[in-house]
């Protein structure tokens, strides 16, 4: 089924570049474009998209405020924030506004396509670099709150995950994409995706971000 997409970004060249990428995918249809967060809600009302790609920094109404408006009125519409900022404060504000994904504009086309597919099917997606930064911040806060990371009682995942799945989980925590994991482990991207699916099922989580956070909380991975 074709996913309907609205792109909101005040940089015309970037917006056109994203549209060209998506136009090559039969499963996507860009139904509208806008250059201001103030236009976002009106375009959602008019075109009823499945996914909105939303720039975080725009004049008048920024992407976070626009996402709040969309989420309040159309909670089933999925929003992916596009940003140049990898700071956890930007990410946190975006997710609190109702965004389902956060991508850095340094992404490649494969990451963009993967993110839209995951988010449009009900999952969430964070750029690997953003995930890594959030995990490091979570670990820092855990140390501050507990005094020592060793003070926490951790459950071991050995009965849940295979050795290879543990390796993949660690690489997810390192912020690596599926392609980077496949190159690191000398396996295909399809095999990586299968491992990730198995990890999510065994850990009873919805997406890779939840898997990484859960792994950190339980001491299953290390953050470099």
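The values are calculated or read from the model by the stated rules, or taken from the named source; none is laboratory data. These numbers were taken from a predicted model, which means no experiment stands behind them. Glycine gets a Cβ as well: all are built from the backbone with ideal geometry, and neighbour counts include every protein chain shown.
Of the residues in segment 46-55, none is in contact with a helix residue (DSSP H, G or I) (Cβ under 8 Å, 6 or more places away or on another chain) and surrounded by fewer than 19 Cβ atoms within 10 Å (Cβ to Cβ).
Being in the same structural domain as residue 113 (by the TED database), more than 14 Å from the chain's Cα centre (by Cα) and touching a residue at least 12 places away in the same chain (Cβ under 8 Å) holds for only one residue in 35, 76, and it is 35. Restricted to segment 13-94, the set of strands (runs of 3 or more DSSP E) holding at least 1 residues that are more than 25 Å from residue 106 (Cβ to Cβ) comprises 28-34.
The set of residues from segment 190-207 being surrounded by 15 or more Cβ atoms within 10 Å (Cβ to Cβ) and modelled with pLDDT under 90 comprises 200, 202, 203, 205, 207.
Which one is modelled with the lowest pLDDT, of the residues in segment 167-189 that are surrounded by fewer than 23 Cβ atoms within 10 Å (Cβ to Cβ) and under 16 Å from residue 115 (Cβ atoms)? Top of the filtered list is 175. One residue stands out among those in segment 152-166 that are at pLDDT below 90 and farther than 14 Å from residue 218 by Cβ: the one that is surrounded by the most Cβ atoms within 10 Å (Cβ to Cβ), which is 162.
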